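None of the figures in this text is laboratory data; all of them are computed from the coordinates on show. A quick note: this is a predicted structure, and the numbers were derived from the prediction, not measured. For neighbour counting, all protein chains shown are included, and Cβ atoms are generated from backbone atoms with ideal geometry for every residue, glycine included.
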Amino acid sequence: MTNAMPSDEILYELRDGVAFVTFNRPQARNAFTFAMYERLAEICTEVNADRSVRSMVLTGAGGKAFAAGTDISQFRAFDSPEDALGYETRIDRVLKTLETCRVPTIAAIAGACTGGGAGIAGCCDLRIAAGNARFGLPIARTLGNCLSMSNYSRFAALIGPARLKEMIFTARLVEASEALQIGLVSEVVDDTDTLMSRAEELARTVAGHAPLTLQACKEALRRLRPTIPSGEGEDLILMCYMSQDFREGIDAFLNKRPPSFKGE
């Protein structure tokens, strides 16, 4: 798995104490390459070291997607248990780096926020959405893979296990108004222009508050979630990623046809 990444696939800018991170692959609905995940973790490390940064806004370029998950083409190379476990370990590490970032993080979401993109948004402290935002974890009708235990725990804490189960079982996308109702986002605005101005306003509001109070709050709430033992859930990852269904899901997705899952 290469870590090389075109320099413009994630844009990073610091303006008066607020960091702005833009996922910049609009032609691919901002789907993440493995290198983009690593760059996001690097940015969080940079922010932690730069005491002038007081808050961070994450968004997707183009207005049609925050991030539509992981770039599916990269899964073609998966042929061993190590590939599957390594992938989920990588994602867990990156998401934990984002979730434990020192400063308040705000996801400004327009369009598709699905799969790994939903995972990134779920790690942010605050989520606001444009009216065209759509959220989902549609893995049961696309690839036939699964989430890591950390991701299940994180989403269950956000929306509750019953709603999480319904979202995954039905593979439906949640519209912005419902996301507001169930607490997945805290605010919905009309359009993408309003979204970014509101995100910056919110970022500057929290940037003006006591940093250690906010840091303590986010860390305390993270610690309230169940601790996942190392290696927990690996059997579930291997069951899904090493299956014929997963191979079928990848091929069907890349060839733009409905998958035919058989449970094997």
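Excluding same-chain residues fewer than 8 positions from K256, which aspartates and glutamates have a Cα within less than 20 Å of its Cα? Output for K256: D71, D245, E248.
Once the convex hull of all Cα atoms in the chain is built, its volume per residue stands at 124 Å³.
Of the cross-linked pairs K165/K262; K96/K262; K96/K165, which ones have a Cα-Cα span greater than 25 Å in the structure shown?
K96/K262
Sorted ascending by nearby beta carbons within 10 Å, beginning with the fewest, F75, F253 become F253, F75. Volume of the convex hull of segment 1-92 (Cα atoms only), normalised per residue: 100 Å³. Highest GNM mean-square fluctuation, the chain, Cα pairs closer than 10 Å: which of E99, E166, E200? Among E99, E166, E200, the largest GNM mean-square fluctuation belongs to E166.
Per-residue Cβ neighbour counts within 10 Å put V189, V47 in the sequence V189, V47, beginning with the fewest. Please build a GNM for the chain, connecting alpha carbons under 10 Å apart, and tell me which residue among S186, S230, S73 fluctuates the most. Looking only at S186, S230, S73, the largest GNM fluctuation is found for S230.
One Cα centroid belongs to segment 143-180, the other to segment 22-93; the line between them spans 19 Å. Ignoring aspartates and glutamates fewer than eight residues from K64 along the same chain, the ones with Cα atoms less than 12 angstrom from its Cα are D191.
By its C-alpha gyration tensor, with a ≥ b ≥ c as the square roots of the eigenvalues, how is segment 59-112 shaped: rounded for a/c under 1.5, else prolate for a/b larger than b/c, else oblate?
Oblate, because a/c is 1.5 or more while a/b does not exceed b/c.
Counting only DSSP beta bridges whose two residues both lie in segment 10-213, roughly 25 percent are antiparallel. For segment 102-146, backbone nitrogen atoms closer than 18 Å to the point 7 Å from S186 Cα along Cα-to-C-beta are found at 102-110, 120-131. Given all pairs of different Cα atoms, what value in angstroms does the Kirkwood hydrodynamic radius of segment 156-264 take? Over segment 156-264, the inverse of the mean reciprocal pair distance is 18.3 Å. Within the listed set L126, L98, L224, the Gaussian network model of the chain (springs between alpha-carbon atoms below 10 Å) gives the highest mean-square fluctuation for L224. Cβ-to-Cβ counts within 10 Å put S80, S55 in ascending order as S80, S55, the fewest first. If the segment from A220 to R257 were pulled out straight at 0.36 nm per residue, it would be longer than the present Cα-Cα gap by 8.8 nm.
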